[in-house]
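Here's the structure we're looking at; comments come further down.
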Amino acid sequence: MKEPSAPSPVAPSPSGPSMHAGSTTFVCTVAGDDTPAMPGTKSRYCTDKGIELTEENAGLLSMIPGSSEFLKYYKLYEAEGYTVGSITDLVVEAGDAAVSGATVEDGKSGDVAFPFGEIKPIVTAGERSVCDESLGEVIVGKPDGMGAYLLDDHTIRVLFQSESYGPLTANEA
Amino acid sequence: MNNGAALIGGSHINYIDYDREMFSKFMTYSGPASDMVVGMGQHIKRAYNLRNELLSHRVRDGATPVGAHLSNTNAEGEWAVARLPRIEYDWFYQSLCSAHMEEAHQWGPGIGFEDDVYLTNEEWHSYNDEMTFVGNTYHALDVTTDTMYAIGAMSMGGFEKSAEINAQHPEYVMIAMSGKSILAAICHRREDQLLF
């Protein structure tokens, strides 16, 4: 495969030794195509286009009853920014922190000394979609069972269910 | 769902689409998975109940004669769950569990499912003590057509897990069911909190 003209340098994973630690760079290309898959063809990827709220618009909005709630949540939205797949810290742990002595901190990985290889998240509950077909939808629940298949030659589709409980728990989904 | 004919809460089935080439190298890539996401959404577009009827709006003050999600009701289509939804959906998939893909003809030419399906099961429930009920429903999602079929009501007996096994015959499909203990099966009906 021919190298793309705009290679994306990639360092080994910072979270420990890698099976490919000797490889300091790689470039991602679509199979059978010389076009760089990432970066370069951004239109294929879901990206956060953000919400443009100018000072003028915010001023106009503030005159509408109830708009303070909107502005409050807009600020939360701006501050949080977690999009699908963006979280790199792990929920899973290699062992009980009480035993391993790993530092426990909200939103941060704990003990990641997994004995048989690295683990990287591909999606985490709480992340929101920036894809056109589902803009704003949030990943909820506790996934219990995945599937995967080729959607087409260039795309892997991963599916999972959320194991949510409707009205039978306090946090209704 | 069903072109707006029914609003469903509870367990979702989501899909996320990833760039295949990037996915193949993700473990040595320094960036987050969001860099390779090309799509995300709800996988269920159409859904049928145990009577092979498309799910429809719930009749709020009585039985829903056609299109009820029967794991939420008795056989007449009257709401049987211990609690009503606090938000305005019609039905809910309760605690889908042990989900997995089964590939078409995975045991050889003509043997096994005809389509790629994603199997999952409602694993527990909590019903109104005054009502009869149909029971937790077992589901198959045809991933090609985004259609969810209710294919049985087995898990009130504690069956939450399934796996296709080799029937060694093109005219049969075999599914092995297994699940929780007898104690858990009893707990499903009235003491579901014990399951967690």
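The values are calculated or read from the model by the stated rules, or taken from the named source; none is laboratory data. Predicted, not measured: the structure shown is a model, and the values here were computed from it. Cβ coordinates were reconstructed from backbone atoms using ideal geometry, including for glycine residues, and neighbour counts include every protein chain displayed. Please note that ligands, DNA and RNA were not included when accessible areas were found on the heavy atoms of the full protein model with its side chains. Shrake-Rupley method; radii C 1.70, N 1.55, O 1.52, S 1.80 Å.
Miscellaneous remarks
- Contact order relative to length of region B:87-161, as percent, for alpha carbon pairs under 8 angstrom and 6 or more apart: 28 percent
- Electrostatic bookkeeping for B:Tyr138 treats Lys and Arg as +1 and Asp and Glu as -1; over the other residues with beta carbon under 14 Å from its beta carbon, the sum is -4.
- Sum of side-chain charges, B:Thr147 neighbourhood, beta-carbon under 14 Å (Lys, Arg +1; Asp, Glu -1): -4
- Charge context of B:Glu78, other residues only, Cβ under 13 angstrom, K/R +1, D/E -1: -1
- Cα principal axis extents for chain B, largest first, Å: 56, 41, 34
- Each of B:Asp19, B:Asp146 has its accessible area taken with a 1.4 Å probe; listed largest first, they run B:Asp146, B:Asp19.
- Between region B:135-175 and region A:131-165, the C-alpha centres lie 20 angstrom from each other.
- The solvent-accessible area of B:Asp61, taken with every protein chain present and a 1.4 Å probe, is close to 140 Å².
- Residue-level accessible surface for A:Leu71, protein heavy atoms, 1.4 Å, Å²: 40 Å²
- Global geometry of region B:7-116, whether rounded, prolate or oblate, following the gyration tensor of its Cα atoms and the 1.5 cut on a/c: oblate
- Placing +1 on the Cβ of every Lys and Arg and -1 on the Cβ of every Asp and Glu, with no other charges, gives region B:1-114 a dipole of roughly 240 debye about its Cα centre.
- Projected area, mean over directions - region B:107-168, Cα convex hull, nm²: 5.3 nm²
- Accessible surface ranking that places the most exposed of A:Ile87, B:Ile175 first, with a 1.4 angstrom probe: B:Ile175, A:Ile87
- Under a Gaussian network description of chain B, with springs only between Cα atoms under 10 Å, the residue in B:Pro32, B:Pro170, B:Pro65 that fluctuates furthest is B:Pro32.
- Across the protein chains, with a 1.4 Å probe defining accessible surface, the residues B:His57, B:His139, B:His169 rank B:His57, B:His169, B:His139 from largest area downward.
- Ligands, DNA and RNA aside, A:Tyr149 has an accessible area near 40 Å² when probed at 1.4 Å.
- Taken over region A:99-173, the convex hull of the Cα atoms encloses 176 Å³ per residue.
- Selected from B:Glu164, B:Glu21, B:Glu122 as most flexible by GNM, with chain B as the system and alpha-carbon contacts under 10 Å: B:Glu21
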